[in-house]
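The values are calculated or read from the model by the stated rules, or taken from the named source; none is laboratory data. Keep in mind that this is a model prediction, so the values were computed, not measured. Cβ atoms come from the backbone with ideal geometry, glycine included; neighbour counts cover every protein chain shown.
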Ligand SMILES: [Zn+2]
């Protein structure tokens, strides 16, 4: 298997948070699973280390990243600063049409939750934050918000989230009400306390030992990749 292919498989695995934190990715084991030399595996691991998708410890090898609580806190803090500013800006500038669009959005969130449609509800609750950023009509703000919200979503894959731990529906409604009433101070406060609550609801995974083994996860991932490639091959020949 080529370096690029091994890199693609491992980075997808790491980004999806399928492996527990601080798990050793042994060169020997990986070389065996991929059916390639240790040198080739080592090159890929170093590249992934540069990309900060795993951690290289001198003389000890490569390890999956342990979710860093301090970094998680910094990301949520950055979101509070940015999104409180977005809320303040919108309270002063929202058009009636935008208010209606937001009302429709929080109604759909509540509806999905009431129907027990968890997948839709999670998607809509993340979108709520993107919609607010979009309403500033400022591409720089939108880009920053997208990156930060994306990073918190990646964090969630490392943490065990308790029921209803992403975005509280009532909290979004409180933000909406303040914005619809053009109450700047209230909107800032509602956004800031919402993001603090989301952060406190994140619970780090405790039992990493109970996670799946490297071998089982990787074997599955390689099989998926081969099946996908097998389907593509006839068309490319
Ligand atoms: Zn939210």
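Table for the structure above
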| quantity | calculated |
| --- | --- |
| Looking only at segment 55-77, and only at residues there that are touching a helix residue (DSSP H, G or I) at 6+ places or on another chain (Cβ under 6 Å) and buried (at least 16 other Cβ atoms within 10 Å of the Cβ), the one that is modelled with the lowest pLDDT | 67 |
| Test: residue 87 is under 17 Å from residue 192 (Cβ atoms), assigned by TED's automatic domain parsing to the domain that holds residue 180, modelled with pLDDT of 95 or more and crowded, with 16+ Cβ neighbours inside 10 Å | yes |
| Checklist (1) assigned to a helix (DSSP H, G or I); (2) modelled with pLDDT under 95; (3) crowded, with 17+ Cβ neighbours inside 10 Å applied to residue 133, failing item | (2) |
| Residue ID - nearest to the ligand (Cβ to nearest atom), chosen from residues in segment 105-152 that are more than 26 Å from residue 91 (Cβ to Cβ) and out of contact with any helix residue (DSSP H, G or I) (no Cβ under 6 Å at 6 or more places or on another chain) | 122 |
| Number of positions in segment 151-170 that are closer than 29 Å to residue 54 by Cα and modelled with pLDDT of 75 or more | 2 |
| Test for residue 185: is it modelled with pLDDT of 90 or more, exposed (fewer than 15 other Cβ atoms within 10 Å of the Cβ) and part of a helix (DSSP H, G or I) | yes |
| Selection status of residue 52, out of contact with any strand residue (DSSP E or B) (no Cβ under 6 Å at 6 or more places or on another chain) and either crowded, with 17+ Cβ neighbours inside 10 Å or not assigned by TED's automatic domain parsing to the domain that holds residue 167 (or both) | yes |
